[in-house]
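Read the figures in this text as sums done on the coordinates, not as results from a lab. Source: prediction; values computed, not measured. For neighbour counting, all protein chains shown are included, and Cβ atoms are generated from backbone atoms with ideal geometry for every residue, glycine included.
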Amino acid sequence: MGEGELELIQCALNGDTSAWGEIVKRYKDAVFGVAIGILGNPADAEDATHDAFIRAYEGLHTFHLDKRFSTWMFAVTANVCKNKLRRERLFAPLKHISKLTKGNDPAKQIAQQARTQLIRESIDQLKPKYRMPLVLRYYADLDYKDIAEALGLPEGTVKTRLHRAKSELKHILEKKGVTSHA
Amino acid sequence: MHEQELETLLKETLTHEAKTHRDRVADLEYAIIEELPGRRPGRGSPPSWRWGLAVAGALALFLGGLWVGSTVLGGAPCTDPQVLCLVYPGATSVSFASQFTLWEPLPMNGPDRSGVWWTRLPDTIKPGRYEYGFIVDGVRWVSDPRATEFVHTFDDKINSVMYIPPRGEHQ
């Protein structure tokens with residue numbers, strides 16, 4: 001738990017909205033990162049981040065105070081994203097928007113953008129059941145146990161899915177002509 | 001491509017993407033705080049009316065299903081304890097998803113002439129507690145009116161719960 005986090009959560013449970021605002025402030029970037037990783041679209045990720053914090057507030061009584069809040073918050077986020085994917089039948093192609101980043105070196109900028117877009121497109125080709133553990137592992141840095149808890153899956157299943165996700169991703173990237181730098 | 005290289009690329013991409021667009025949530029805490037007063041902290045928009053509505057709806061569907069099943073005809077084998085049924089006459093497709101299918105939707109059989117959809121549970125399921133539900137027309141999550149236990153999920157769904165007994169015991 002972060003500093004004073006437990007107190008903030010307890011205050012939020014007692015109806016202190018500014019305490020929940022502080023929690024949102026601390027976690028919004030991480031939650032948004034998970035959402036955009038899963039959904040692949042900034043506008044959808046923004047909505048999902050908003051919904052996740054509202055759902056989490058409403059379901060705060062189900063959070064066990066002895067557990068890691070971030071894992072629980074990512075679980076709520078993953079569920080909101082899963083629901084969004086189901087609602088929009090997003091097992092279909094994703095509407096990804098990519099933008100050029102601001103920077104000083106146009107060559108670096110373009111190379112970075114091209115690479116990001118290539119990886120992003122490859123991630124989007126994965127089924128959501130592979131995409132979700134991948135994002136929780138490589139963006140949110142959760143270990144197998146926490147991913148299992150967040151997604152409500154056995155740890156063995158998480159390991160299998162991550163392994164398959166990476167194999168599939170590697171295969172997709174190789175088909176796109178990406179090979180080892182080594 | 002080496003695994004470590006792939007992992008590094010993934011981390012870089014996901015982090016870069018999140019950073020690029022994170023100004024979208026720059027003022028999120030203020031928007032959330034404004035929205036909270038109408039909601040109950042940590043107690044959810046809880047069971048109360050939503051559960052009442054869900055249970056009433058489930059009961060109506062169940063009774064309707066019983067009536068249809070007993071008076072019109074019994075096409076689906078719903079009396080078999082290994083078969084899950086859902087009465088949904090207007091649906092064009094119904095799937096079944098559960099923890100033991102790893103939430104992958106599996107198409108159900110049906111409808112019969114009474115609008116009953118059904119699926120037989122595989123014999124290979126290990127004994128235990130499983131949450132499940134039905135997906136109508138690919139989008140609507142529907143709980144099982146015949147279930148005896150329900151769970152309110154984070155994303156506002158209601159999952160039904162089934163218990164698979166050890167082999168040799170009755171459900």
(request) Rounded to the nearest 0.05, what FRET efficiency do B:Thr8 and A:Lys175 give with R0 = 22 Å and r taken as the Cβ-Cβ distance? Could you check? (result) 0.65
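Pop the C-beta distance of A:Lys127 and B:Val151 into the FRET formula with R0 = 35 Å and round what comes out to the nearest 0.05.
That pair, A:Lys127 with B:Val151, gives E of 0.90.
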(message) Given R₀ = 22 Å, what would the calculated FRET efficiency be for B:Ser93 paired with A:Glu168, taking r from the Cβ atoms and rounding to 0.05?
(response) 0.20
(message) Please list, by residue number, everything in the stretch A:38-72 whose backbone N is under 18 Å from a paramagnetic label point 7 Å out along Cα→Cβ of A:Asp141.
(response) A:68-72
